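S.K.: Mind looking over this structure? Questions follow.
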């Protein structure tokens, strides 16, 4: 090997090392992003999150009646935003801006619910990566290089502040999110497998066929009919089969539902030649036990019109003027989809149809229904 060639390789490695060091410094020493504020008052964290909700369309969405609209958070959920007291866990001191980690599936679900959201399904997460053009990676179709994402190939082996890797998103798309690949792997609400704990039997459903409706959880928690697909709630085409299935149901103590995680973490390597792999290997799909906590496993929130309005109905108190202005702005960005979901919710929850008295809703939901011009009475 000639000296000039060795020199060129040395310069290239040195340049890569400098770039990685710069990213490390940016993720360690830069100012932490602050919650948006108006008039000098810090907004409710749930309202501040409205600016991070990024809209997408899918063929079907857990909300229903909204044209397949769902929202994915532009950033991974941060450790500094963790509601430690509400979860009953000890506060952890970490650098500002780092994504949350050491979070179980149930905790991720609960936090998302607090923010008027839920976890995304695998189909939604994949849809956010691919977009309408069917891109291979979050940044497009170009091959992976070390500076695209915080994976094991970068060599930091630590979390960096959310949004550090600007080149890891598609700059030509307004809906492109940060850190879909890298930083922390992310929980989804999609069941990946049901495990019978008293034997070697393990039932798995192919990811393309896995149910990802929010209503899946009560059914999955109760039944797993052998030979049937994973149920996906009241709207499932298989619900009649499930209801008529004359089979013994394993007791809760002998089975466990594992959930899908997706997106490679800072402790994992994106496979070589990933662009030639099927989407599950290319995007880091895995199954994990729901109680598993890892230093490189976190989550990203999602929501849809139905889920969001349900959260507003549960919310106590009323918004300030600044918070009301933010909520109005958000609802008007997808007015017809939210209005359709609101009408559907009110028809399903009509007190007269249930023989109940009218339920009083709080100030948050009242404001939403006023904006949507739908009567909540």
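The values are calculated or read from the model by the stated rules, or taken from the named source; none is laboratory data. The model shown is predicted, which means the values in this text are computed figures rather than measured ones. Here the Cβ positions follow ideal geometry from the backbone for every residue, glycine too, while neighbour counts run over all protein chains shown.
S.K.: All but one of (1) loosely packed, with under 15 Cβ neighbours inside 10 Å; (2) part of a loop (DSSP other than H, G, I, E, B) hold for residue 97; state the number of the condition that does not hold.
M.R.: If we test residue 97 against (1) loosely packed, with under 15 Cβ neighbours inside 10 Å; (2) part of a loop (DSSP other than H, G, I, E, B), just (1) comes out false.
S.K.: Give the number of residues within the stretch 65-98 that are in contact with a strand residue (DSSP E or B) (Cβ under 9 Å, 6 or more places away or on another chain) and free of Cβ contacts under 8 Å to residues at least 24 places away in the same chain. Let's see the steps before the verdict.
M.R.: From the stretch 65-98, those in contact with a strand residue (DSSP E or B) (Cβ under 9 Å, 6 or more places away or on another chain) are 67-79, 96-98; that's our starting set.
Subset that is free of Cβ contacts under 8 Å to residues at least 24 places away in the same chain: 68, 79.
Going through the stretch 65-98 one residue at a time, the tally reaches 2.
S.K.: Looking only at the stretch 157-166, decide whether some residue is more than 20 Å from residue 100 (Cα to Cα) and either buried (at least 16 other Cβ atoms within 10 Å of the Cβ) or touching a residue at least 12 places away in the same chain (Cβ under 8 Å) (or both).
M.R.: Within the stretch 157-166, the subset more than 20 Å from residue 100 (Cα to Cα) is none.
Within the stretch 157-166, none of the residues are more than 20 Å from residue 100 (Cα to Cα) and either buried (at least 16 other Cβ atoms within 10 Å of the Cβ) or touching a residue at least 12 places away in the same chain (Cβ under 8 Å) (or both).
Each row is one residue, and each column tells you yes or no for (1) surrounded by fewer than 12 Cβ atoms within 10 Å (Cβ to Cβ); (2) touching a helix residue (DSSP H, G or I) at 6+ places or on another chain (Cβ under 8 Å); (3) outside any helix (DSSP H, G or I); (4) at pLDDT below 90.
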{"site": "11", "(1), (2), (3), (4)": "yes, no, no, yes"}
{"site": "24", "(1), (2), (3), (4)": "no, no, no, yes"}
{"site": "34", "(1), (2), (3), (4)": "yes, no, yes, yes"}
{"site": "107", "(1), (2), (3), (4)": "no, yes, no, no"}
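S.K.: On the given criteria, is residue 266 over 19 Å from residue 102 (Cα atoms) and either at pLDDT 95 or above or in contact with a strand residue (DSSP E or B) (Cβ under 8 Å, 6 or more places away or on another chain) (or both)? Can you show your working first?
M.R.: Numbers: over 19 Å from residue 102 (Cα atoms): no; either at pLDDT 95 or above or in contact with a strand residue (DSSP E or B) (Cβ under 8 Å, 6 or more places away or on another chain) (or both): yes.
Spelling it out, it is not the case that residue 266 is over 19 Å from residue 102 (Cα atoms) and either at pLDDT 95 or above or in contact with a strand residue (DSSP E or B) (Cβ under 8 Å, 6 or more places away or on another chain) (or both).
S.K.: Here's a follow-up. Kindly check whether there is at least one residue in the stretch 184-195 that is surrounded by 17 or more Cβ atoms within 10 Å (Cβ to Cβ), part of a loop (DSSP other than H, G, I, E, B), out of contact with any helix residue (DSSP H, G or I) (no Cβ under 6 Å at 6 or more places or on another chain) and at pLDDT 95 or above.
M.R.: The first filter runs over the stretch 184-195 and keeps only residues surrounded by 17 or more Cβ atoms within 10 Å (Cβ to Cβ), leaving 184-195.
Then keep just the ones that are part of a loop (DSSP other than H, G, I, E, B); that gives 184.
Remaining after also requiring out of contact with any helix residue (DSSP H, G or I) (no Cβ under 6 Å at 6 or more places or on another chain): 184.
Filter again for at pLDDT 95 or above, leaving 184.
Among the residues of the stretch 184-195, at least one is surrounded by 17 or more Cβ atoms within 10 Å (Cβ to Cβ), part of a loop (DSSP other than H, G, I, E, B), out of contact with any helix residue (DSSP H, G or I) (no Cβ under 6 Å at 6 or more places or on another chain) and at pLDDT 95 or above, which makes the answer yes.
S.K.: Among the residues of the stretch 109-149, write down those that are in a loop (DSSP other than H, G, I, E, B) and closer than 19 Å to residue 288 by Cα. Don't jump to the end; show me each part of the working.
M.R.: Filtering the stretch 109-149 down to residues in a loop (DSSP other than H, G, I, E, B) leaves 115-117, 119-121, 131-136, 138-139, 141-149.
Within the stretch 109-149, 119, 120, 121 meet the criteria.
S.K.: What is the number of the single condition among (1) more than 19 Å from residue 111 (Cα to Cα); (2) within 23 Å of the chain's Cα centre (by Cα); (3) surrounded by fewer than 19 Cβ atoms within 10 Å (Cβ to Cβ); (4) at pLDDT 80 or above that residue 221 does not meet?
M.R.: (4)
S.K.: OK, next. Is one or more of the residues making up the stretch 346-362 within 26 Å of the chain's Cα centre (by Cα) and either in a loop (DSSP other than H, G, I, E, B) or at pLDDT 90 or above (or both)? If you could, list the steps in order and put the result at the bottom.
M.R.: Taking the stretch 346-362 first, the residues within 26 Å of the chain's Cα centre (by Cα) are none.
Scanning the stretch 346-362, I find no residue that is within 26 Å of the chain's Cα centre (by Cα) and either in a loop (DSSP other than H, G, I, E, B) or at pLDDT 90 or above (or both), so the answer is no.
S.K.: I need the full set of residues from the stretch 291-322 which are assigned to a loop (DSSP other than H, G, I, E, B), touching a residue at least 60 places away in the same chain (Cβ under 8 Å) and touching a helix residue (DSSP H, G or I) at 6+ places or on another chain (Cβ under 7 Å), in order please. Don't jump to the end; show me each part of the working.
M.R.: Within the stretch 291-322, the first condition is being assigned to a loop (DSSP other than H, G, I, E, B), and the residues that meet it are 291-296, 300-301, 304, 315-320.
Cutting the leftovers down to touching a residue at least 60 places away in the same chain (Cβ under 8 Å) gives us 291-296, 300-301, 304, 315, 319-320.
If the condition is that a residue be assigned to a loop (DSSP other than H, G, I, E, B), touching a residue at least 60 places away in the same chain (Cβ under 8 Å) and touching a helix residue (DSSP H, G or I) at 6+ places or on another chain (Cβ under 7 Å), then 301, 315, 319 are the ones that fit.
S.K.: Which of the following residues is in a helix (DSSP H, G or I) and modelled with pLDDT of 95 or more: 280, 325? Working first, answer last.
M.R.: Numbers: 280 fails: modelled with pLDDT of 95 or more.
That would be 325, the only listed residue that is in a helix (DSSP H, G or I) and modelled with pLDDT of 95 or more.
S.K.: Being touching a helix residue (DSSP H, G or I) at 6+ places or on another chain (Cβ under 8 Å) and modelled with pLDDT of 90 or more narrows it down to one residue among 149, 123; which is it?
M.R.: Working: 123 fails: touching a helix residue (DSSP H, G or I) at 6+ places or on another chain (Cβ under 8 Å).
Only one candidate passes the filter, namely 149.
S.K.: Additional query: Output the number of residues of the stretch 118-137 satisfying the condition of being without any contact (Cβ under 8 Å) to a residue 60 or more places away in the chain and crowded, with 19+ Cβ neighbours inside 10 Å.
M.R.: 0
S.K.: For residue 86, are the conditions met, namely being surrounded by fewer than 17 Cβ atoms within 10 Å (Cβ to Cβ), closer than 22 Å to residue 312 by Cα and under 14 Å from the mean Cα position of the chain (by Cα)? Break it down into steps so the answer makes sense when it comes.
M.R.: Details: surrounded by fewer than 17 Cβ atoms within 10 Å (Cβ to Cβ): yes; closer than 22 Å to residue 312 by Cα: yes; under 14 Å from the mean Cα position of the chain (by Cα): no.
For residue 86, the condition - surrounded by fewer than 17 Cβ atoms within 10 Å (Cβ to Cβ), closer than 22 Å to residue 312 by Cα and under 14 Å from the mean Cα position of the chain (by Cα) - is not met.
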